[in-house]
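Beneath this line is the structure, given in C-alpha coordinates, with notes to follow.
The values are calculated or read from the model by the stated rules, or taken from the named source; none is laboratory data. The structure presented is a predicted model; accordingly, all values stated were derived computationally and were not measured. Methodologically, a virtual Cβ is constructed for each residue, glycine included, from the backbone with ideal geometry; neighbour enumeration extends over all protein chains shown. We work out accessible area using only protein heavy atoms, side chains counted, and drop any ligands, DNA or RNA first. Shrake-Rupley method; radii C 1.70, N 1.55, O 1.52, S 1.80 Å.
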Amino acid sequence: MTESLYHVLGELMGKFREHPTNLLRWGEFPEASRCFGADCRSKPSNQVRAYEKMSAIPSQLQWNAKTVCPLGKKKMTAKPAILVFLGIMLTLTSVAVAAPPPPFEVTTPAGTDKCISCHAWRQPDPTPRSLKKPHETLVFTHWPLPGAWCDQCHLPESPRQLILHHDQTAPFTEAHRLCNQCHATKVRDWLYGAHGKRIGNWQGPRRLLPCAACHNPHQPAWKPVVPSSPPARPGSQNAWKPVVPPPKTTESQP
Amino acid sequence: MNPKRRTLLKGLALTTTGVAASASALETMTSPRLTDNLDRLLQKHFKKMSPQEVRLALQRIERETQRIHDIRITCTTTPPQPNVKFAQALNLAMCKGTRRCVEACVRENNCGRGGHLENIRVLATNQGTTHLSQANPYYNPPQVPEPGQKYIPIGCQQCDNPPCVQACPVQATWKEPDGIVVIDYDWCIGCRYCTIACPYGARHFNWGQPNIPTDDFQPVTDYLANRPRPTGVIEKCTFCLQRTRNGSLPACLEACPTGARIFGNVLDPNSEIRYVLENKSVFRLKEEMGTSPNFWYFTG
(Lines give C-alpha, C1' and ligand atoms only; values in the text may rest on other atoms or scores of the structure.)
Protein backbone atom coordinates (compact mmCIF):
# COMPACT_ATOMS: atom_id res chain seq x y z
CA MET A 1 0.00 0.00 0.00
CA THR A 2 2.91 2.34 0.60
CA GLU A 3 3.84 1.84 -3.00
CA SER A 4 0.32 2.74 -4.06
CA LEU A 5 0.34 5.83 -1.87
CA TYR A 6 3.69 6.80 -3.26
CA HIS A 7 2.33 6.33 -6.71
CA VAL A 8 -0.74 8.44 -6.11
CA LEU A 9 1.20 11.20 -4.38
CA GLY A 10 3.79 11.18 -7.09
CA GLU A 11 1.11 11.32 -9.72
CA LEU A 12 -0.49 14.27 -7.97
CA MET A 13 2.85 16.00 -7.87
CA GLY A 14 3.20 15.28 -11.53
CA LYS A 15 6.72 14.04 -11.11
CA PHE A 16 6.19 10.33 -11.29
CA ARG A 17 5.46 8.39 -14.40
CA GLU A 18 4.47 4.78 -14.18
CA HIS A 19 6.34 2.32 -16.31
CA PRO A 20 5.29 -1.28 -16.21
CA THR A 21 8.86 -2.00 -15.31
CA ASN A 22 8.96 0.48 -12.47
CA LEU A 23 7.19 -2.06 -10.33
CA LEU A 24 9.93 -4.50 -11.02
CA ARG A 25 12.55 -1.93 -10.26
CA TRP A 26 11.12 -1.57 -6.76
CA GLY A 27 11.59 -5.27 -6.30
CA GLU A 28 13.96 -7.02 -8.60
CA PHE A 29 14.06 -8.32 -12.07
CA PRO A 30 12.58 -11.73 -11.52
CA GLU A 31 14.10 -13.41 -14.50
CA ALA A 32 17.48 -11.99 -13.74
CA SER A 33 17.22 -13.00 -10.11
CA ARG A 34 16.31 -16.56 -10.96
CA CYS A 35 18.56 -19.45 -10.14
CA PHE A 36 20.88 -20.09 -13.07
CA GLY A 37 21.31 -23.78 -12.45
CA ALA A 38 20.34 -25.89 -15.43
CA ASP A 39 18.37 -28.28 -13.26
CA CYS A 40 16.51 -25.62 -11.33
CA ARG A 41 12.83 -26.48 -11.23
CA SER A 42 11.68 -23.94 -8.70
CA LYS A 43 8.17 -22.72 -9.33
CA PRO A 44 8.04 -19.23 -10.79
CA SER A 45 6.18 -16.70 -8.70
CA ASN A 46 3.27 -14.66 -9.97
CA GLN A 47 5.57 -11.73 -10.51
CA VAL A 48 7.85 -13.87 -12.63
CA ARG A 49 4.92 -15.10 -14.64
CA ALA A 50 3.68 -11.55 -15.16
CA TYR A 51 7.11 -10.47 -16.26
CA GLU A 52 7.55 -13.36 -18.62
CA LYS A 53 4.18 -12.66 -20.09
CA MET A 54 5.17 -9.04 -20.47
CA SER A 55 8.48 -9.75 -22.13
CA ALA A 56 6.77 -11.98 -24.64
CA ILE A 57 4.44 -9.23 -25.75
CA PRO A 58 6.75 -7.15 -27.99
CA SER A 59 6.76 -9.84 -30.63
CA GLN A 60 3.03 -9.28 -31.08
CA LEU A 61 3.73 -5.77 -32.33
CA GLN A 62 1.18 -4.30 -29.95
CA TRP A 63 1.78 -3.26 -26.41
CA ASN A 64 -1.41 -3.53 -24.49
CA ALA A 65 -1.28 -1.25 -21.50
CA LYS A 66 -3.98 -3.15 -19.65
CA THR A 67 -2.27 -6.49 -19.70
CA VAL A 68 1.15 -5.00 -19.13
CA CYS A 69 0.52 -2.92 -16.09
CA PRO A 70 0.50 -5.29 -13.14
CA LEU A 71 -0.39 -2.40 -10.87
CA GLY A 72 -4.08 -2.67 -11.66
CA LYS A 73 -4.12 -6.23 -10.42
CA LYS A 74 -2.71 -5.32 -7.06
CA LYS A 75 -4.64 -6.63 -4.08
CA MET A 76 -5.57 -4.14 -1.44
CA THR A 77 -5.09 -5.11 2.16
CA ALA A 78 -6.18 -1.95 3.98
CA LYS A 79 -9.79 -1.42 4.96
CA PRO A 80 -10.53 2.30 5.51
CA ALA A 81 -12.77 3.94 2.95
CA ILE A 82 -10.26 6.60 2.08
CA LEU A 83 -7.78 3.93 1.11
CA VAL A 84 -10.40 2.17 -0.99
CA PHE A 85 -11.05 5.46 -2.73
CA LEU A 86 -7.34 5.91 -3.22
CA GLY A 87 -7.15 2.39 -4.57
CA ILE A 88 -9.86 3.07 -7.14
CA MET A 89 -8.12 6.27 -8.12
CA LEU A 90 -4.90 4.37 -8.39
CA THR A 91 -6.43 1.72 -10.62
CA LEU A 92 -7.92 4.35 -12.86
CA THR A 93 -4.77 6.39 -13.06
CA SER A 94 -2.52 3.39 -13.54
CA VAL A 95 -4.44 2.27 -16.59
CA ALA A 96 -4.55 5.79 -17.92
CA VAL A 97 -1.00 6.72 -17.03
CA ALA A 98 0.81 3.42 -17.63
CA ALA A 99 3.27 4.48 -20.25
CA PRO A 100 3.71 1.83 -22.86
CA PRO A 101 6.74 2.03 -25.07
CA PRO A 102 6.04 3.72 -28.39
CA PRO A 103 4.57 1.39 -31.02
CA PHE A 104 7.32 -0.59 -32.63
CA GLU A 105 8.17 -3.62 -34.64
CA VAL A 106 11.22 -5.76 -34.10
CA THR A 107 12.92 -6.41 -37.39
CA THR A 108 13.91 -10.01 -37.57
CA PRO A 109 16.98 -11.23 -39.42
CA ALA A 110 16.17 -12.59 -42.82
CA GLY A 111 17.26 -16.07 -43.77
CA THR A 112 15.91 -19.49 -44.30
CA ASP A 113 15.95 -22.17 -41.69
CA LYS A 114 18.85 -24.23 -42.90
CA CYS A 115 19.59 -25.76 -39.50
CA ILE A 116 16.84 -28.32 -39.78
CA SER A 117 18.37 -29.94 -42.87
CA CYS A 118 21.13 -31.42 -40.71
CA HIS A 119 19.99 -31.15 -37.12
CA ALA A 120 16.67 -32.89 -37.72
CA TRP A 121 18.38 -36.23 -38.24
CA ARG A 122 21.84 -35.82 -36.68
CA GLN A 123 22.49 -36.99 -33.17
CA PRO A 124 23.48 -33.98 -31.04
CA ASP A 125 26.98 -34.32 -29.61
CA PRO A 126 27.17 -32.45 -26.32
CA THR A 127 30.94 -32.78 -25.87
CA PRO A 128 32.89 -29.53 -26.43
CA ARG A 129 35.24 -29.92 -29.39
CA SER A 130 36.60 -27.86 -32.28
CA LEU A 131 33.78 -27.31 -34.72
CA LYS A 132 33.80 -28.28 -38.36
CA LYS A 133 31.99 -26.85 -41.36
CA PRO A 134 29.72 -24.91 -41.48
CA HIS A 135 30.32 -23.80 -37.90
CA GLU A 136 34.11 -23.53 -38.07
CA THR A 137 34.03 -19.73 -37.84
CA LEU A 138 32.19 -19.68 -34.53
CA VAL A 139 34.26 -18.47 -31.59
CA PHE A 140 32.74 -18.35 -28.14
CA THR A 141 33.80 -15.35 -26.16
CA HIS A 142 30.40 -14.50 -24.75
CA TRP A 143 30.00 -17.21 -22.19
CA PRO A 144 33.45 -18.03 -20.93
CA LEU A 145 32.34 -20.65 -18.48
CA PRO A 146 33.82 -24.12 -18.43
CA GLY A 147 31.53 -26.61 -20.04
CA ALA A 148 29.53 -24.07 -22.03
CA TRP A 149 28.36 -25.55 -25.28
CA CYS A 150 25.73 -25.00 -27.97
CA ASP A 151 22.97 -26.72 -26.04
CA GLN A 152 23.26 -24.08 -23.34
CA CYS A 153 21.14 -21.80 -25.53
CA HIS A 154 20.04 -23.76 -28.62
CA LEU A 155 17.54 -26.57 -28.63
CA PRO A 156 19.55 -29.52 -30.03
CA GLU A 157 16.86 -30.81 -32.37
CA SER A 158 15.83 -27.36 -33.62
CA PRO A 159 18.69 -24.85 -33.23
CA ARG A 160 16.53 -21.88 -34.14
CA GLN A 161 14.69 -22.33 -30.86
CA LEU A 162 16.42 -20.81 -27.86
CA ILE A 163 16.26 -22.31 -24.39
CA LEU A 164 15.04 -20.12 -21.56
CA HIS A 165 14.60 -20.91 -17.89
CA HIS A 166 11.66 -23.01 -16.72
CA ASP A 167 11.79 -25.24 -19.80
CA GLN A 168 10.58 -22.41 -21.96
CA THR A 169 11.76 -21.81 -25.47
CA ALA A 170 11.82 -18.71 -27.63
CA PRO A 171 12.19 -18.48 -31.40
CA PHE A 172 14.94 -16.36 -32.94
CA THR A 173 12.44 -13.57 -33.42
CA GLU A 174 12.16 -13.26 -29.63
CA ALA A 175 15.84 -13.66 -28.89
CA HIS A 176 15.74 -10.64 -26.58
CA ARG A 177 13.98 -12.83 -24.03
CA LEU A 178 17.12 -14.93 -23.81
CA CYS A 179 19.30 -11.83 -23.50
CA ASN A 180 16.86 -10.51 -20.91
CA GLN A 181 17.74 -13.27 -18.48
CA CYS A 182 21.10 -11.66 -17.74
CA HIS A 183 20.95 -8.21 -19.36
CA ALA A 184 17.52 -7.21 -18.08
CA THR A 185 18.34 -3.54 -17.63
CA LYS A 186 19.71 -3.30 -21.16
CA VAL A 187 16.66 -5.01 -22.59
CA ARG A 188 14.42 -2.59 -20.73
CA ASP A 189 16.41 0.32 -22.14
CA TRP A 190 16.08 -1.25 -25.57
CA LEU A 191 12.31 -1.53 -25.25
CA TYR A 192 11.94 2.07 -24.15
CA GLY A 193 14.45 3.54 -26.53
CA ALA A 194 17.63 4.30 -24.59
CA HIS A 195 19.59 1.42 -26.10
CA GLY A 196 19.79 0.00 -29.56
CA LYS A 197 19.15 1.35 -32.97
CA ARG A 198 15.74 2.47 -34.18
CA ILE A 199 14.95 3.27 -37.74
CA GLY A 200 11.92 4.72 -39.44
CA ASN A 201 9.97 7.31 -37.56
CA TRP A 202 10.00 9.21 -34.30
CA GLN A 203 6.27 9.65 -34.79
CA GLY A 204 4.20 6.57 -35.44
CA PRO A 205 5.52 3.06 -35.77
CA ARG A 206 9.24 2.48 -35.24
CA ARG A 207 11.39 -0.38 -36.23
CA LEU A 208 13.76 -1.75 -33.64
CA LEU A 209 16.80 -3.71 -34.60
CA PRO A 210 17.04 -6.91 -32.55
CA CYS A 211 19.96 -7.52 -30.18
CA ALA A 212 21.72 -9.80 -32.65
CA ALA A 213 21.74 -7.13 -35.36
CA CYS A 214 24.57 -5.35 -33.52
CA HIS A 215 25.90 -7.92 -31.06
CA ASN A 216 27.13 -11.21 -32.37
CA PRO A 217 25.68 -13.53 -29.73
CA HIS A 218 28.82 -15.65 -29.70
CA GLN A 219 31.28 -12.73 -29.79
CA PRO A 220 29.42 -9.66 -28.55
CA ALA A 221 32.39 -7.28 -28.49
CA TRP A 222 32.37 -4.44 -31.04
CA LYS A 223 34.80 -5.02 -33.89
CA PRO A 224 36.85 -2.00 -35.03
CA VAL A 225 35.94 -0.51 -38.41
CA VAL A 226 37.46 1.95 -40.86
CA PRO A 227 36.39 5.52 -40.03
CA SER A 228 34.93 7.84 -42.63
CA SER A 229 37.17 10.59 -43.97
CA PRO A 230 38.07 13.40 -41.56
CA PRO A 231 37.05 17.02 -42.17
CA ALA A 232 39.38 19.20 -44.20
CA ARG A 233 41.72 21.41 -42.27
CA PRO A 234 41.10 25.11 -42.80
CA GLY A 235 42.51 26.23 -46.12
CA SER A 236 42.81 22.76 -47.59
CA GLN A 237 40.55 20.48 -49.56
CA ASN A 238 39.93 16.82 -48.98
CA ALA A 239 38.83 14.37 -51.57
CA TRP A 240 35.40 13.08 -50.58
CA LYS A 241 35.83 9.39 -50.07
CA PRO A 242 32.71 7.96 -48.48
CA VAL A 243 33.02 4.57 -46.85
CA VAL A 244 29.34 3.80 -47.28
CA PRO A 245 28.42 3.67 -50.99
CA PRO A 246 25.82 6.19 -52.13
CA PRO A 247 22.23 5.00 -51.98
CA LYS A 248 20.70 3.68 -55.16
CA THR A 249 19.54 6.73 -57.08
CA THR A 250 15.94 6.56 -58.10
CA GLU A 251 14.51 8.86 -60.71
CA SER A 252 13.17 11.87 -58.86
CA GLN A 253 9.53 12.52 -59.37
CA PRO A 254 8.88 15.52 -61.59
CA MET B 1 43.33 63.06 -86.37
CA ASN B 2 41.10 65.98 -87.15
CA PRO B 3 38.09 66.76 -85.00
CA LYS B 4 35.67 65.75 -87.73
CA ARG B 5 37.08 62.29 -88.01
CA ARG B 6 37.21 61.91 -84.23
CA THR B 7 33.54 62.82 -83.92
CA LEU B 8 32.66 60.41 -86.67
CA LEU B 9 34.59 57.59 -85.04
CA LYS B 10 33.10 58.41 -81.67
CA GLY B 11 29.63 58.36 -83.11
CA LEU B 12 30.26 55.08 -84.86
CA ALA B 13 31.67 53.48 -81.73
CA LEU B 14 28.82 54.75 -79.59
CA THR B 15 26.24 53.51 -82.05
CA THR B 16 27.75 50.05 -82.34
CA THR B 17 28.14 49.77 -78.57
CA GLY B 18 24.65 51.01 -78.04
CA VAL B 19 23.16 48.57 -80.49
CA ALA B 20 25.18 45.70 -79.09
CA ALA B 21 24.38 46.74 -75.52
CA SER B 22 20.70 47.03 -76.14
CA ALA B 23 20.63 43.63 -77.84
CA SER B 24 22.57 41.96 -75.05
CA ALA B 25 20.55 43.85 -72.48
CA LEU B 26 17.38 42.58 -74.02
CA GLU B 27 18.83 39.10 -73.99
CA THR B 28 19.99 39.34 -70.39
CA MET B 29 16.80 41.02 -69.24
CA THR B 30 14.86 38.00 -70.36
CA SER B 31 17.48 35.43 -69.25
CA PRO B 32 16.24 33.31 -66.35
CA ARG B 33 19.52 33.78 -64.55
CA LEU B 34 19.14 37.50 -64.22
CA THR B 35 15.47 37.37 -63.32
CA ASP B 36 16.16 34.71 -60.72
CA ASN B 37 18.99 36.75 -59.25
CA LEU B 38 16.76 39.81 -59.18
CA ASP B 39 13.98 37.80 -57.56
CA ARG B 40 16.36 36.62 -54.89
CA LEU B 41 17.63 40.11 -54.33
CA LEU B 42 14.14 41.56 -53.97
CA GLN B 43 12.78 38.66 -51.93
CA LYS B 44 11.36 39.39 -48.49
CA HIS B 45 12.33 37.76 -45.21
CA PHE B 46 10.95 34.22 -45.05
CA LYS B 47 8.63 34.98 -42.16
CA LYS B 48 7.14 37.96 -44.00
CA MET B 49 6.51 36.23 -47.29
CA SER B 50 2.96 35.48 -48.36
CA PRO B 51 2.17 31.89 -49.40
CA GLN B 52 2.25 32.99 -53.04
CA GLU B 53 5.69 34.55 -52.61
CA VAL B 54 6.93 31.43 -50.85
CA ARG B 55 5.69 29.33 -53.76
CA LEU B 56 7.52 31.53 -56.25
CA ALA B 57 10.69 31.36 -54.17
CA LEU B 58 10.53 27.57 -54.05
CA GLN B 59 10.07 27.42 -57.81
CA ARG B 60 13.01 29.75 -58.26
CA ILE B 61 15.22 27.50 -56.12
CA GLU B 62 14.22 24.48 -58.19
CA ARG B 63 15.08 26.39 -61.38
CA GLU B 64 18.41 27.58 -60.01
CA THR B 65 19.41 24.10 -58.92
CA GLN B 66 18.54 22.76 -62.34
CA ARG B 67 20.74 25.44 -63.90
CA ILE B 68 23.70 25.30 -61.53
CA HIS B 69 23.86 21.63 -60.50
CA ASP B 70 21.96 20.11 -63.40
CA ILE B 71 19.68 18.25 -60.98
CA ARG B 72 15.94 18.31 -60.71
CA ILE B 73 14.90 18.73 -57.08
CA THR B 74 11.65 19.32 -55.26
CA CYS B 75 11.83 22.18 -52.79
CA THR B 76 9.06 22.52 -50.22
CA THR B 77 8.61 24.05 -46.83
CA THR B 78 6.96 22.18 -43.99
CA PRO B 79 5.59 24.17 -41.06
CA PRO B 80 6.41 23.03 -37.51
CA GLN B 81 3.97 20.62 -35.90
CA PRO B 82 2.04 21.84 -32.86
CA ASN B 83 2.95 20.40 -29.45
CA VAL B 84 6.30 19.18 -30.67
CA LYS B 85 9.70 20.12 -29.39
CA PHE B 86 12.62 18.19 -30.72
CA ALA B 87 15.60 17.05 -28.71
CA GLN B 88 18.36 14.60 -29.30
CA ALA B 89 20.45 12.56 -26.90
CA LEU B 90 23.73 10.84 -27.58
CA ASN B 91 25.18 7.93 -25.69
CA LEU B 92 28.88 8.65 -25.40
CA ALA B 93 29.61 5.13 -24.23
CA MET B 94 28.33 3.78 -27.53
CA CYS B 95 29.96 6.24 -29.92
CA LYS B 96 32.86 4.49 -31.63
CA GLY B 97 33.97 7.43 -33.75
CA THR B 98 33.15 5.87 -37.10
CA ARG B 99 31.88 9.23 -38.53
CA ARG B 100 29.06 7.46 -40.32
CA CYS B 101 26.74 10.17 -39.02
CA VAL B 102 28.88 12.81 -40.71
CA GLU B 103 28.72 10.96 -43.99
CA ALA B 104 24.97 10.54 -43.87
CA CYS B 105 24.52 14.17 -42.81
CA VAL B 106 26.61 15.49 -45.70
CA ARG B 107 24.59 13.39 -48.14
CA GLU B 108 21.20 14.22 -46.71
CA ASN B 109 21.83 17.94 -46.39
CA ASN B 110 23.63 18.48 -49.73
CA CYS B 111 26.72 19.87 -48.03
CA GLY B 112 29.72 20.75 -50.18
CA ARG B 113 32.08 17.78 -50.31
CA GLY B 114 35.69 17.88 -49.33
CA GLY B 115 35.54 21.22 -47.59
CA HIS B 116 34.96 21.95 -43.96
CA LEU B 117 31.20 22.07 -44.29
CA GLU B 118 30.25 19.03 -42.24
CA ASN B 119 27.49 19.90 -39.80
CA ILE B 120 28.67 17.28 -37.32
CA ARG B 121 32.19 17.24 -36.00
CA VAL B 122 33.41 14.18 -34.11
CA LEU B 123 36.07 15.03 -31.55
CA ALA B 124 38.49 12.42 -30.29
CA THR B 125 39.67 12.93 -26.73
CA ASN B 126 41.88 10.95 -24.45
CA GLN B 127 39.89 8.76 -22.16
CA GLY B 128 39.26 10.49 -18.87
CA THR B 129 39.61 14.07 -20.05
CA THR B 130 36.92 16.56 -20.89
CA HIS B 131 39.09 19.25 -22.44
CA LEU B 132 37.31 19.98 -25.68
CA SER B 133 40.03 22.44 -26.64
CA GLN B 134 42.56 19.61 -26.68
CA ALA B 135 40.30 17.30 -28.65
CA ASN B 136 41.21 16.31 -32.16
CA PRO B 137 38.56 16.37 -34.91
CA TYR B 138 41.05 15.29 -37.61
CA TYR B 139 41.77 11.80 -36.27
CA ASN B 140 42.20 9.30 -39.05
CA PRO B 141 43.52 5.97 -37.78
CA PRO B 142 43.17 2.85 -39.91
CA GLN B 143 40.52 1.58 -37.54
CA VAL B 144 38.33 3.01 -34.82
CA PRO B 145 37.83 2.91 -31.90
CA GLU B 146 41.44 3.37 -30.89
CA PRO B 147 42.30 2.18 -27.40
CA GLY B 148 42.31 4.98 -24.88
CA GLN B 149 40.24 7.30 -27.08
CA LYS B 150 36.74 8.60 -26.58
CA TYR B 151 34.65 10.30 -29.23
CA ILE B 152 32.25 13.22 -28.85
CA PRO B 153 30.15 14.15 -31.89
CA ILE B 154 29.14 17.81 -31.80
CA GLY B 155 26.62 19.46 -34.04
CA CYS B 156 24.19 22.29 -33.57
CA GLN B 157 22.80 22.04 -30.06
CA GLN B 158 19.52 23.81 -30.98
CA CYS B 159 19.79 26.01 -27.90
CA ASP B 160 16.75 27.46 -26.19
CA ASN B 161 18.74 30.65 -25.69
CA PRO B 162 20.73 30.71 -28.91
CA PRO B 163 23.59 33.22 -29.02
CA CYS B 164 23.72 32.99 -32.80
CA VAL B 165 20.20 34.39 -33.07
CA GLN B 166 21.14 37.31 -30.85
CA ALA B 167 24.28 37.96 -32.86
CA CYS B 168 22.63 38.06 -36.28
CA PRO B 169 22.31 41.71 -37.36
CA VAL B 170 19.60 41.03 -39.97
CA GLN B 171 17.55 38.34 -38.18
CA ALA B 172 18.31 35.82 -40.87
CA THR B 173 18.41 33.08 -38.23
CA TRP B 174 15.71 32.37 -35.67
CA LYS B 175 14.28 29.68 -33.45
CA GLU B 176 11.22 27.85 -34.70
CA PRO B 177 8.39 26.78 -32.35
CA ASP B 178 9.52 23.15 -32.52
CA GLY B 179 12.93 24.08 -31.16
CA ILE B 180 14.99 24.13 -34.33
CA VAL B 181 17.22 27.08 -35.10
CA VAL B 182 16.92 27.75 -38.83
CA ILE B 183 18.52 30.10 -41.34
CA ASP B 184 16.93 31.91 -44.25
CA TYR B 185 19.83 31.41 -46.64
CA ASP B 186 18.54 34.11 -48.96
CA TRP B 187 18.38 36.67 -46.19
CA CYS B 188 21.81 35.85 -44.73
CA ILE B 189 24.41 38.50 -45.57
CA GLY B 190 27.37 36.29 -44.69
CA CYS B 191 28.80 38.47 -41.94
CA ARG B 192 29.72 35.34 -39.89
CA TYR B 193 28.95 36.99 -36.54
CA CYS B 194 26.97 33.88 -35.61
CA THR B 195 29.94 31.55 -36.13
CA ILE B 196 31.83 33.63 -33.58
CA ALA B 197 28.88 33.77 -31.21
CA CYS B 198 28.26 30.00 -31.27
CA PRO B 199 30.21 28.33 -28.44
CA TYR B 200 29.93 24.91 -30.10
CA GLY B 201 31.44 25.71 -33.49
CA ALA B 202 28.29 24.45 -35.12
CA ARG B 203 28.00 26.99 -37.91
CA HIS B 204 29.99 26.86 -41.12
CA PHE B 205 30.48 29.38 -43.87
CA ASN B 206 30.11 28.56 -47.53
CA TRP B 207 33.20 30.17 -49.04
CA GLY B 208 32.54 28.97 -52.57
CA GLN B 209 30.15 27.15 -54.77
CA PRO B 210 29.42 23.88 -52.93
CA ASN B 211 30.88 20.85 -54.64
CA ILE B 212 28.05 18.32 -54.77
CA PRO B 213 28.34 15.26 -57.01
CA THR B 214 25.39 14.90 -59.34
CA ASP B 215 24.98 11.20 -58.66
CA ASP B 216 24.89 11.72 -54.89
CA PHE B 217 22.33 14.48 -54.54
CA GLN B 218 19.39 14.55 -52.15
CA PRO B 219 16.51 15.72 -54.37
CA VAL B 220 13.89 16.13 -51.63
CA THR B 221 14.69 19.46 -50.03
CA ASP B 222 13.27 22.05 -47.69
CA TYR B 223 13.63 25.82 -47.97
CA LEU B 224 14.99 26.17 -44.42
CA ALA B 225 17.08 23.03 -44.34
CA ASN B 226 18.85 21.09 -47.05
CA ARG B 227 18.28 22.95 -50.26
CA PRO B 228 21.53 23.73 -52.10
CA ARG B 229 22.93 26.83 -50.48
CA PRO B 230 24.23 29.81 -52.43
CA THR B 231 27.80 31.01 -52.03
CA GLY B 232 28.60 33.17 -49.03
CA VAL B 233 26.03 32.07 -46.48
CA ILE B 234 26.10 30.21 -43.20
CA GLU B 235 24.82 26.68 -42.85
CA LYS B 236 24.23 24.39 -39.89
CA CYS B 237 22.46 21.31 -38.60
CA THR B 238 18.66 21.58 -38.58
CA PHE B 239 17.92 18.14 -37.06
CA CYS B 240 17.11 17.17 -40.68
CA LEU B 241 14.00 19.34 -40.56
CA GLN B 242 12.88 18.07 -43.97
CA ARG B 243 12.62 14.60 -42.47
CA THR B 244 11.73 15.18 -38.84
CA ARG B 245 8.82 17.52 -39.50
CA ASN B 246 7.31 14.71 -41.55
CA GLY B 247 7.75 12.17 -38.76
CA SER B 248 10.99 10.51 -39.86
CA LEU B 249 14.21 10.28 -37.93
CA PRO B 250 17.24 12.42 -38.79
CA ALA B 251 19.82 10.94 -41.15
CA CYS B 252 22.54 10.71 -38.50
CA LEU B 253 20.34 8.44 -36.37
CA GLU B 254 19.68 6.06 -39.20
CA ALA B 255 23.34 5.94 -40.16
CA CYS B 256 24.79 5.39 -36.69
CA PRO B 257 26.00 1.79 -36.60
CA THR B 258 25.75 1.56 -32.82
CA GLY B 259 22.45 3.35 -32.21
CA ALA B 260 24.12 5.91 -29.98
CA ARG B 261 21.72 8.69 -30.92
CA ILE B 262 18.18 9.05 -29.61
CA PHE B 263 15.72 11.52 -31.03
CA GLY B 264 12.18 12.47 -30.20
CA ASN B 265 9.59 14.89 -28.99
CA VAL B 266 10.26 15.98 -25.41
CA LEU B 267 6.65 17.02 -24.93
CA ASP B 268 5.46 13.44 -25.51
CA PRO B 269 5.79 11.58 -22.19
CA ASN B 270 6.01 8.21 -23.95
CA SER B 271 8.82 9.13 -26.30
CA GLU B 272 12.25 7.58 -26.25
CA ILE B 273 13.93 10.87 -25.51
CA ARG B 274 11.79 11.34 -22.41
CA TYR B 275 12.76 7.89 -21.19
CA VAL B 276 16.41 8.85 -21.57
CA LEU B 277 15.99 12.21 -19.87
CA GLU B 278 14.10 10.68 -16.97
CA ASN B 279 16.15 7.55 -16.43
CA LYS B 280 19.73 8.38 -17.40
CA SER B 281 22.21 10.89 -16.04
CA VAL B 282 22.32 13.35 -18.87
CA PHE B 283 24.44 16.45 -19.27
CA ARG B 284 24.80 19.20 -21.81
CA LEU B 285 27.90 20.77 -23.27
CA LYS B 286 29.00 24.13 -21.86
CA GLU B 287 26.02 24.32 -19.55
CA GLU B 288 27.63 27.27 -17.80
CA MET B 289 27.18 29.48 -20.88
CA GLY B 290 23.44 29.56 -20.27
CA THR B 291 22.56 28.56 -23.81
CA SER B 292 20.25 25.75 -22.63
CA PRO B 293 20.83 23.30 -25.48
CA ASN B 294 18.35 20.66 -26.63
CA PHE B 295 21.13 18.18 -27.25
CA TRP B 296 21.89 15.86 -24.36
CA TYR B 297 24.81 13.55 -23.73
CA PHE B 298 24.75 10.53 -21.49
CA THR B 299 26.59 7.31 -20.84
CA GLY B 300 25.33 3.87 -20.00
Among the residues of the stretch A:176-198, how many are open to solvent by 30 Å² or more (accessible area, probe 1.4 Å) and of a type outside the set (Lys, Arg)? 6
For the stretch B:238-262, give me the residue count where each residue is over 15 Å from A:ASN201 (Cβ atoms), over 15 Å from the mean Cα position of the chain (by Cα) and in a loop (DSSP other than H, G, I, E, B). 5
Here are some residues: B:THR291, B:THR299, B:THR258, B:THR214. Which one is within 9 Å of another protein chain (Cβ to nearest Cβ) and touching a residue at least 40 places away in the same chain (Cβ under 8 Å)? B:THR258
Looking at this structure, is B:CYS256 farther than 30 Å from A:CYS214 by Cβ and among the hydrophobic types (A, V, I, L, M, F, W, C)? no
On the given criteria, is A:PRO126 touching a helix residue (DSSP H, G or I) at 6+ places or on another chain (Cβ under 9 Å), crowded, with 17+ Cβ neighbours inside 10 Å and part of a loop (DSSP other than H, G, I, E, B)? no
Kindly indicate whether any position in the stretch B:176-183 is part of a loop (DSSP other than H, G, I, E, B), more than 14 Å from every other protein chain (Cβ to nearest Cβ), under 21 Å from B:ARG284 (Cβ atoms) and open to solvent by less than 50 Å² (accessible area, probe 1.4 Å). yes
Any idea which of (1) open to solvent by 10 Å² or more (accessible area, probe 1.4 Å); (2) facing chain A (nearest Cβ under 7 Å); (3) aliphatic (A, V, I, L, M) is the one B:VAL276 doesn't satisfy? (1)
Evaluate the following for B:TYR297: is it hydroxyl-bearing (Ser, Thr, Tyr), open to solvent by less than 10 Å² (accessible area, probe 1.4 Å), at pLDDT below 95 and over 12 Å from the mean Cα position of the chain (by Cα)? no
When residues of the stretch A:186-199 are limited to those that are touching a Cys at 6+ places or on another chain (Cβ under 9 Å) and among the hydrophobic types (A, V, I, L, M, F, W, C), the one farthest from the other protein chains (Cβ to nearest Cβ): A:VAL187
Report, ordered by the first and then the second residue, all pairs with beta carbons closer than 7 Å, sequence separation of six or more or different chains, a first member in the stretch A:148-169 that is touching a residue at least 24 places away in the same chain (Cβ under 8 Å) and within 18 Å of A:CYS118 (Cβ to Cβ), and a second member that is charged (D, E, K, R) and assigned to a loop (DSSP other than H, G, I, E, B). A:ARG160/A:ASP113
Kindly indicate whether any position in the stretch B:72-94 is within 11 Å of chain A (Cβ to nearest Cβ), within 16 Å of the chain's Cα centre (by Cα) and surrounded by 14 or more Cβ atoms within 10 Å (Cβ to Cβ). no
Quick check on my filter: what residues within the stretch A:200-241 are surrounded by fewer than 17 Cβ atoms within 10 Å (Cβ to Cβ), free of Cβ contacts under 8 Å to residues at least 24 places away in the same chain and at the interface with chain B (Cβ under 8 Å from one of its Cβ atoms)? A:CYS214, A:TRP222, A:PRO224, A:VAL225, A:VAL226, A:ARG233, A:PRO234, A:GLN237, A:ASN238, A:ALA239
Evaluate the stretch B:195-205: report whether one residue or more is within 26 Å of B:MET289 (Cα to Cα), in a helix (DSSP H, G or I) and within 13 Å of another protein chain (Cβ to nearest Cβ). yes
Of all residues in the stretch B:117-130 being free of Cβ contacts under 8 Å to residues at least 40 places away in the same chain and either at the interface with chain A (Cβ under 10 Å from one of its Cβ atoms) or part of a loop (DSSP other than H, G, I, E, B) (or both), which is surrounded by the most Cβ atoms within 10 Å (Cβ to Cβ)? B:VAL122
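Report the residue count in the stretch B:263-280 for those that are assigned to a loop (DSSP other than H, G, I, E, B) and not hydrophobic (A, V, I, L, M, F, W, C).
Total meeting the criteria: 5.
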So B:LYS47 ticks every box in (1) open to solvent by 100 Å² or more (accessible area, probe 1.4 Å); (2) within 19 Å of B:THR231 (Cα to Cα) but one. Which box is left unticked? (2)
Scan of the stretch B:239-250 for residues that are touching a strand residue (DSSP E or B) at 6+ places or on another chain (Cβ under 6 Å) and more than 9 Å from every other protein chain (Cβ to nearest Cβ), ordered by number: B:PHE239, B:LEU241, B:GLN242
Scan of the stretch B:131-155 for residues that are open to solvent by less than 40 Å² (accessible area, probe 1.4 Å) and farther than 18 Å from B:LEU92 by Cβ, ordered by number: B:PRO141
